[in-house]
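Engineer: Sharing a structure below in structure tokens format, with a few things to ask.
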Amino acid sequence: MRAGSVQDECWICGCDLLPDDNFCRKCGINLTRVGKATAATGTIKGDHRVPIGIFLMTLGGLVGFVSYLMEIIPMLAFGLASLLIGIMILYLPESNRSITSKLATDSSLPSLLNTEKLLEDLDLDERGIYIPVSGMGVCPKVFVPLVQTRATERPPVGLSSSSRIFVTVGKNPEDRGILLDAPGSQILSSLERSLGRDLASIPLEDLQTNLDSAFRTLDIAKATTLTYQESTVSIETELMALLDLEEKLRNTAPRLVAQIGTPVASALAAAVSKSTAKYVTFKRAVLQLPSRRLSISLRLSE
Amino acid sequence: MRSLDVFILTYSALAFSTIVLLSLLGVSRIDIYVALFAVEFFVASLIISPSSPLESRRKTIMGIVLLAVFVGVVIWRILEILR
């Protein structure tokens, strides 16, 4: 059974799962419980709009009725307007998916699923390594090793300019892996364009402010926080767009989510890799659907 | 801010501005207010594009109802003049 639905065992490693587990206890993959999360999301949204709509309708009805009896026309118009706005709030659906967001999801999902199939077919279980690069609009590539060896832990920096998918980074036959463009490469380029700066020139201390500003400008996320401790960087952000894509990927492409990252998570990992000029690997990426918060934890290595 | 919220805020601003303006001008016919509310709905709909097919469909239904009200008001006024 796929990760994301109610499941008894992890789709990646086959490890047994408890009903309340959010992560696989063996491989650490994030397990999204879609049913619960969607219900929770609906409740929050429903609670927000209904009281306002009912209040405006009641106010409009009362004011309109009293004004009609007292023959005060502007007040009657006020009552009618309130009633009409209340009806609109209640009748028009709250859409959390814009057409643009839906198109973005529909158009990018197949290519991401292809990457998932590639990881699955090659039986790649190692986490992807973001290779540091510099330059405006240049995005780090992700190297997914076949097995963890001394050579594959630190793939050569020059590998970023390679256009090959299957690469060998050492002398031994096992020093191989696949080299992919990061799923968030275009988001990263857009972030840099909106900032007008190469993220490689921004120190990690200032990255939070810059990421928060750029994500808000692009309407992707808000309230981005970044904390770092030794070789671990943790980022939390509240998604305003692409939530649908994030959710779908967690259900259909668990390897991609855990090993390489979803487009937004990948853009964040690539940003950290550029800013620190270090190799970056995903430790975990958790999406809390009700609060729309994406929390990722990254490991840095020299 | 989502487009539906922008739409409702825009419509509210237009409707309440109309009330203030017309009451300052001393307009005392409710049909004029109602007709303008209907027109403002279409203006707000044109300015703010819908964000989902469902929202678009429901806006169209509301538009048809308000258009019927507007046409009713206009016919009533014409009949008044002809009488």
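Engineer: Give A:Lys102/A:Lys278; A:Lys141/A:Lys171; A:Lys102/A:Lys248 a once-over and call out the pairs whose C-alpha atoms are over 23 Å from each other. Can you show the working numbers first?
Structural biologist: Details: A:Lys102/A:Lys278 34 Å; A:Lys141/A:Lys171 21 Å; A:Lys102/A:Lys248 12 Å.
Result: A:Lys102/A:Lys278 exceed 23 Å.
Engineer: Taking the Cα-to-Cβ direction at A:Leu62 and at B:Val71 and moving 7 Å from each Cα, how far apart do the two end points lie in nm?
Structural biologist: Here the answer is 3.6 nm between the modelled labels.
Engineer: Apply the Karplus parameterisation 6.51 cos²θ - 1.76 cosθ + 1.60, with θ equal to phi minus 60°, to every residue of the range B:27-43 and state each ³J(HN,Hα) to the nearest whole Hz, in sequence, with x for glycine and proline.
Structural biologist: 6, 10, 10, 5, 4, 5, 4, 4, 4, 5, 4, 5, 4, 5, 4, 5, 4
Engineer: Could you run the Karplus curve 6.51 cos²θ - 1.76 cosθ + 1.60 with θ = phi - 60° over the range A:244-256 and give me ³J(HN,Hα) per residue in whole Hz, x for Gly and Pro?
Structural biologist: Each residue's phi maps through the Karplus curve to give 4, 5, 4, 5, 4, 5, 5, 7, 10, 9, x, 5, 4 Hz.
Engineer: Another question, then. Within straight cross-link reach of A:Lys274, meaning Cα distance under 20 Å, which aspartates and glutamates are found once same-chain residues fewer than 8 apart are removed?
Structural biologist: Filter leaves A:Glu153, A:Asp181, A:Glu192, A:Asp198, A:Glu205, A:Asp206, A:Asp212, A:Glu230, A:Glu236, A:Glu302.
Engineer: Also, I was wondering about something else. Roughly speaking, what is the stretch gain from A:Arg150 to A:Ser291, that is 0.36 nm per residue apart minus the C-alpha to C-alpha distance, in nm to one decimal? Let's see the in-between values first.
Structural biologist: Numbers: separation 141, 0.36 × 141 = 50.76 nm, distance 4.02 nm.
Fully extending the segment from A:Arg150 to A:Ser291 adds 46.7 nm.
Engineer: From the phi angles alone, apply the Karplus equation (6.51, -1.76, 1.60; θ = phi - 60°) to the range B:16-23 and give each ³J(HN,Hα) in whole Hz, x where the residue is Gly or Pro.
Structural biologist: Per residue, the Karplus-derived 3J(HN,Hα) values read 6, 5, 4, 4, 4, 5, 5, 5 Hz.
Engineer: Separate question: On average over all directions, what projected area in square nanometres does the range A:208-302 have, based on the convex hull of its Cα atoms?
Structural biologist: Details: hull surface 22.1 nm².
Value for the range A:208-302: 5.5 nm².
Engineer: While we're here: Grab the alpha carbons of chain B, take their convex hull, and tell me the volume per residue in Å³. Show your work: numbers first, answer last.
Structural biologist: Working: hull volume 6.8 nm³, N = 83.
It is 82 Å³ per residue.
Engineer: Moving on. What net charge do the residues around A:Phe282 carry, taking every other residue with its C-beta under 9 Å from that of A:Phe282, with Lys and Arg at +1 and Asp and Glu at -1?
Structural biologist: Details: positive: A:Arg127, A:Lys283, A:Arg284, A:Arg299; negative: none.
Taking every other residue near A:Phe282 into account, the sum is +4.
Engineer: Further question: Among A:Val63, A:Val280, rank each residue by its count of other Cβ atoms within 10 Å, from fewest to most, as a rough exposure measure. It would help to have the intermediate numbers written out before the result.
Structural biologist: Numbers: A:Val63 20, A:Val280 28.
Fewest-to-most ranking of A:Val63, A:Val280: A:Val63, A:Val280.
Engineer: How would the range A:244-298 be classified by its alpha-carbon gyration tensor: rounded, prolate or oblate, with rounded meaning a/c under 1.5 and the a/b versus b/c comparison settling the rest? Before the final figure, lay out the partial values.
Structural biologist: Details: a/c = 2.33, a/b = 1.71, b/c = 1.36.
The shape class here is prolate.
Engineer: Separate question: If you rank A:Glu205, A:Glu174, A:Glu246 by fewest surrounding Cβ atoms within 10 Å, what's the result?
Structural biologist: Details: A:Glu205 10, A:Glu174 14, A:Glu246 22.
Going from sparsest to densest Cβ surroundings: A:Glu205, A:Glu174, A:Glu246.
Engineer: Enumerate the amide H contacts of A:Arg284 below 5 Å, restricted to partners 5 or more residues apart or on another chain; note that Pro and chain-start residues carry no placed amide H.
Structural biologist: Correct list: A:Ser297.
Engineer: Oh, and also: Would you calculate the separation in nanometres between label points at B:Asp31 and A:Ile72, each defined as 7 Å from the Cα along the Cα-to-beta-carbon direction?
Structural biologist: 2.5 nm
Engineer: For A:Met70, A:Met240, B:Met62, what ranking results if the residue with the fewest other Cβ atoms within 10 Å of its Cβ goes first?
Structural biologist: On the way: A:Met70 9, A:Met240 19, B:Met62 16.
If I rank by nearby Cβ atoms, fewest first, I get A:Met70, B:Met62, A:Met240.
Engineer: Using Cα pairs closer than 8 Å and at least 6 residues apart in sequence, work out the relative contact order for chain B, in percent. Write down the numbers at each step before the final one.
Structural biologist: Working: 38 pairs, mean separation 30.9, N = 83.
For chain B, the relative contact order is 37 percent.
Engineer: Sticking with this structure for a sec: How many percent of the alpha carbon pairs in the range A:131-285 exceed a separation of 26 Å? Present the calculation step by step, with values, prior to reporting the outcome.
Structural biologist: On the way: 2866 of 11935 pairs.
Across the range A:131-285, Cα pairs with separations above 26 Å total 24 percent.
Engineer: Enumerate the residues in the range A:190-229 having an amide nitrogen under 15 Å from the point lying 7 Å beyond the Cα of A:Ser161 toward its Cβ.
Structural biologist: Hits in the range A:190-229 for A:Ser161 at 15 Å: none.
Throughout, read-outs are computed from the coordinates displayed, never taken from laboratory work. This structure is a prediction, so every number in the text was calculated from the model and none was measured. Neighbour counts are summed over all protein chains in view; Cβ atoms, including those assigned to glycine, are modelled from backbone coordinates with ideal geometry.
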